[in-house]
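What follows is a short report on a single structure.
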Amino acid sequence: MKENIIGVDIGGTKCAVTYGQQEGNRVTILDKECFRTSDVTQTIEQLKTCIRNVMGRHGLEAGNTRAIGISCGGPLDSRTGVVMSPPNLPGWDNIPIVGIFEKEFGIRTAIHNDANACALAEWQFGAGAGTRNMIFLTFGTGLGAGLILDGRIYTGTNDNAGELGHIRLSDFGPVGYGKCGSFEGFCSGGGIRQLAQFAVKERLQMGEKVAWCPEGDPDRIDARLVAQAAAEGDALALEIYRTSARYLGRGLSIVIDLINPEMIVIGSIYARNESLIKPYMEEVIAREALSHARRVCRVVPAALGEAIGDYAALSVAANA
């Protein structure tokens, strides 16, 4: 039986409303509207308009739509449906977004932070389908995580479970999540950028040139440039990736020992650059993680690619 679901992805730069039909463990995306995020009041009104547009085009109403699912950056309270001042959404201070949508459309609405929503998506429709204990890591601009434990999303006492990026892996190192040497500091786009800037500055101060440093300015380096140089075989870029990969292995070893998952799914930078990262990550996991837990855990790239935001919001609806 096919069920109609609506997904709402609220981001710092853009928002999207997606209409999908779920049938078992499959979802088909049938329509989507996007717009740039503005102030909180205007954004909420535009979201309402997009939902009405999508519903109108497909004959959707409260009686034939299972749920609306919202994926949004945290902090938020998934139980009360309140968004609580996310750093990338200025003005979203204690906004009861679930209640607003339920009152407007008469459709059951649920919300999860974006990492948890992506975990639901990869578990239900992506690489983790069929597992009962799965961890999802974003490995994008930052390092977020979502936990699927015993076949359900685990959010903790107040939606702070899975904040793996805050774990300190070294006394020194790039800053991520407000902490020097954190998991996010070493394993994120921002962290790779910092590692590259440190390394390139050393080379430049020694009078050496770095071909992939834009106009000799380390501050213009980003993770994309490092990945491109590493893929082309540049020795310095490869060493930067090896550093990130080894710390990824160290962090995942902690996760494997603590949670004993059967699968860890990693998105974004890892999914695009698995061949550069996997060997060095696995080398550390083999040395650091408990053998019994290590043997039953696979580390795989995310399967949903650039569409994961759409599937994430729809997954929240599917699990409402």
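The values are calculated or read from the model by the stated rules, or taken from the named source; none is laboratory data. Since the structure is predicted, the reported quantities are computational estimates derived from the model, not experimental observations. Backbone-built Cβ (ideal geometry, glycine too); neighbour counts: all protein chains shown.
For region 260-280, a residue qualifies if it is touching a Leu at 6+ places or on another chain (Cβ under 8 Å) and not hydroxyl-bearing (Ser, Thr, Tyr), and the qualifying residues are 264, 265, 266, 267, 276, 277.
When only residues in region 114-129 that are among the hydrophobic types (A, V, I, L, M, F, W, C) and modelled with pLDDT under 95 count, which is nearest to residue 16 (Cα to Cα)? It comes out as 115. Against the conditions (1) modelled with pLDDT under 95; (2) under 25 Å from residue 28 (Cβ atoms); (3) assigned to a loop (DSSP other than H, G, I, E, B); (4) not hydroxyl-bearing (Ser, Thr, Tyr), where does residue 107 fall short? Just the number, please. Only one criterion is unmet by residue 107, namely (1). At least 2 residues being of a type in the set (A, V, I, L, M) and over 18 Å from residue 115 (Cβ atoms) is the threshold, and among the helices (runs of 4 or more DSSP H) wholly inside region 215-320 those reaching it are 223-231, 235-259, 274-288.
Restricting attention to region 182-201, does a residue exist that is surrounded by fewer than 23 Cβ atoms within 10 Å (Cβ to Cβ) and farther than 21 Å from residue 230 by Cβ? For region 182-201, residues surrounded by fewer than 23 Cβ atoms within 10 Å (Cβ to Cβ) and farther than 21 Å from residue 230 by Cβ: absent.
When 313, 320, 286 are checked against the criterion of being surrounded by fewer than 17 Cβ atoms within 10 Å (Cβ to Cβ) and small (Gly, Ala, Ser), a single residue qualifies: 286.
If residue 71 passes every condition in (1) buried (at least 17 other Cβ atoms within 10 Å of the Cβ); (2) part of a helix (DSSP H, G or I); (3) hydroxyl-bearing (Ser, Thr, Tyr) but one, which one does it miss? It is condition (2) that residue 71 fails. From the list 218, 214, the lone residue that is exposed (fewer than 14 other Cβ atoms within 10 Å of the Cβ), of a type outside the set (Val, Ile, Thr) and touching a Lys or Arg at 6+ places or on another chain (Cβ under 6 Å) is 214.
The set of residues in region 11-49 being out of contact with any Ser or Thr (no Cβ under 7 Å at 6 or more places or on another chain), in a strand (DSSP E or B), at pLDDT 95 or above and crowded, with 19+ Cβ neighbours inside 10 Å consists of 16, 17, 18, 19.
Consider region 6-38 and keep the residues that are acidic (Asp, Glu) and farther than 20 Å from residue 85 by Cα. The one that is farthest from the chain's Cα centre (by Cα) is 23. Taking the options 162, 207, 191, name whichever one is assigned to a loop (DSSP other than H, G, I, E, B) and within 30 Å of residue 303 (Cβ to Cβ). That would be 162, the only listed residue that is assigned to a loop (DSSP other than H, G, I, E, B) and within 30 Å of residue 303 (Cβ to Cβ). Sub-6 Å Cβ pairs linking a first residue in region 168-188 that is in the same structural domain as residue 244 (by TED's automatic domain parsing) and without any contact (Cβ under 8 Å) to a residue 40 or more places away in the chain to a second residue that is crowded, with 24+ Cβ neighbours inside 10 Å and acidic (Asp, Glu), at least 6 apart or interchain, are 176/184; 177/184, ordered by first then second residue. Among the residues of region 50-66, are any among the hydrophobic types (A, V, I, L, M, F, W, C), touching a Ser or Thr at 6+ places or on another chain (Cβ under 8 Å) and closer than 25 Å to residue 140 by Cβ? Scanning region 50-66 turns up no residue that is among the hydrophobic types (A, V, I, L, M, F, W, C), touching a Ser or Thr at 6+ places or on another chain (Cβ under 8 Å) and closer than 25 Å to residue 140 by Cβ.
Can you pull out the residues in region 140-158 that are touching a strand residue (DSSP E or B) at 6+ places or on another chain (Cβ under 6 Å) and modelled with pLDDT under 95? Once the filter is applied, which keeps residues that are touching a strand residue (DSSP E or B) at 6+ places or on another chain (Cβ under 6 Å) and modelled with pLDDT under 95, region 140-158 yields nothing. Filtering 59, 91 for residues that are out of contact with any Gly (no Cβ under 9 Å at 6 or more places or on another chain) and either at pLDDT below 95 or within 27 Å of residue 161 (Cβ to Cβ) (or both) leaves a single hit, 91.
Within region 165-188, being part of a loop (DSSP other than H, G, I, E, B) and either in contact with a Phe, Trp or Tyr (Cβ under 7 Å, 6 or more places away or on another chain) or on the phi > 0 side of the Ramachandran plot (or both) holds for 167, 169, 173, 174, 177, 178, 181, 187, 188.
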